[in-house]
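What follows is a single structure, written as structure tokens, with notes after it.
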Amino acid sequence: MSETRSQTPPDITHTTTPVTPVTAAAPAAVRAHPALVMLGVVLASLNMRAALAGVSPLMGEISGHFHLAAAAGSLVTTIPLLFMGLGSIIAPRLARRFGTETVLCGALLLLCGGILLRVAPPVVALFLGCALVGTAIALLNVLMPGLVKRDFPDRAAAMTALYSTTLILGATGSAALAVPLENALGGWRGSLAFWALLAAVAVVAWIPQAVIARRAHQQGTGPAPRAAAGGTETNLLRSPLAWQVTLLMGTQSLIAYVCIAWMPTVFTDHGMSKGEAGVVYAFYTLIQMVGSFFVPVIAGRLRDQRPLAVAVVTLMTCGIVGLLTAPVAGAWLWATLMGVAQGGMLGLALTLMVLRTRDAHTASRLSGMAQTWGYLLASVGPFAIGAVHQLTGGWTLPIGLLLVACAALLFLGLGAGRDRKV
């Protein structure tokens, strides 16, 4: 069976199922306090984009220091994306073997090490550090939906809203502070290394949770490693619904990373000053928190998320059309529309990984599939749009291709938003 119609009422309390079975003797004390789990989720979420977002404002200095050509310099942003896709493959397997909390704690340690390795003297350390950062973020990305479904089954949508909004807050703060930190800490290395502190703080919050979970596992009082009834497991690769969620995640990520790479350039190429373009882009990033918070909450209260998907895609399409027709005159309006829609699409994609699955194990597996293929697809976007821009000498066709991506999002949202479960 690849997918079934859900018979549950719209409230989020009933759209999630009990997570993995626990032995009859399992006491509540074997699990960390919900407040500690929530703190860990918030701190991990702050780290899920901060190490990436602070790179773009410093690319000129980084490329100049190592004498990197444009193509080589682009690897600083492309390598993490590739490893965010590749690293997603192993996340569910690691969680089954070592436990979710242990892997999350290890991922944050790996992230801390990768951030510091990026600022080591040899250029090879820069690229290796980028790979470690991408892998660490992949583990965090994949395991968070399953953790939310397992530990907050009655508040899954609200928790998804919290961590997706915190994720965007971390990215916004990192981008905004990149240059001030560079000035305060003596260069781009200090600016990038600063975010290792945030990862270290998150590690401290996850260590006790990992210890508690490990003891529970050794005593046989922790969750069973699989949740599928009768020991069977759905083949996600054969599920149309799983592919719809996967491609929805990938397409929205592609648009997001195209905007990260090229939105300020679109504005400056049409006559806007570099300073104003940076401010507009920062606003676009900040306003994403509106969509990332409200869309998951609304989605959790609906049985069928298709109308919500249509509304969010329509908002994004209007912003892209405006960017195509009057990029400078309406820049603030287009940034608002696209920002709210982009945050909303991210929140919707993450929420659907929870709502379209019956248990935490399947949610983690679907998250792994969606983010493996999603980030591999997203990694193509900035390069492809840049190549089309270089070939055509303008932005009409590249931005037009984003409208094609919006059409794909609409189709995928109508499929993934149906009241079905994998």
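The values are calculated or read from the model by the stated rules, or taken from the named source; none is laboratory data. Nothing here was measured: the structure is a model prediction, and the numbers come from that model. Cβ placement follows ideal geometry from the backbone for every residue including glycine, while neighbour counts extend to all protein chains displayed. Protein only, heavy atoms only, side chains kept; ligands, DNA and RNA dropped before computing areas. Shrake-Rupley method; radii C 1.70, N 1.55, O 1.52, S 1.80 Å.
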FRET efficiency estimate (nearest 0.05) - Cβ-Cβ, A326 to A125, R0 45 angstrom: 0.50
Max mean-square fluctuation residue, GNM over the chain, Cα-Cα springs under 10 Å, options A184, A360, A176: A184
Radius 15 Å from Cβ of V280, net charge of other residues (Lys, Arg +1; Asp, Glu -1): -1
Positive-end residue, the chain charge dipole about Cα centroid, Cβ charges, pick of A158, I115, Y284: A158
GNM result for the chain, Cα springs below 10 Å: residue of A311, A95, A261 fluctuating most strongly: A311
Dipole of the chain, positive direction: furthest Cα of V354, F294, Q305, with charges on the beta-carbon: V354
Net charge over other residues, Cβ less than 12 angstrom from the Cβ of V103 (K, R count +1; D, E count -1): +3
With Cα atoms, 0 to 90° folded angle of helix 156-185 axis to the chain main axis: 40
Cα-based shape type of segment 267-341, given that a ≥ b ≥ c are square roots of the gyration tensor eigenvalues and the cut on a/c is 1.5: oblate
Estimated 222 nm signal from helices in the chain, with DSSP H stretches of n ≥ 4 weighted -39500 (n - 2.57), rounded to 500: -26500 deg cm²/dmol
Accessible area in square angstrom per residue, segment 44-134, 1.4 angstrom probe: 38
Apportionment of accessible area to carbon and sulfur, the chain, percent (1.4 Å): 71
Among A387, V404, L324 the positive-end extreme of the charge dipole of segment 263-422 (Cβ point charges): V404
Residue-count net charge about P307 - beta-carbon cut-off 13 Å; Lys, Arg +1, Asp, Glu -1: +2
Built amide H within the under 5 Å cut-off of R420, gap 5+: S6
Alpha carbon centroid spacing (whole Å) that separates segment 95-110 from segment 350-384: 18
Given charges at beta-carbon only (K, R positive; D, E negative), |dipole| of the chain in Debye: 1140
Degrees separating the helix 396-416 axis from the principal Cα axis of the chain, which is the longest one: 10
Tilt relative to the chain, helix 34-53 - C-alpha long axis, 0 to 90 degrees, to 10: 30
Residue with peak Gaussian network fluctuation, the chain [Cα springs, cutoff 10 Å], from L177, L391, L109: L391
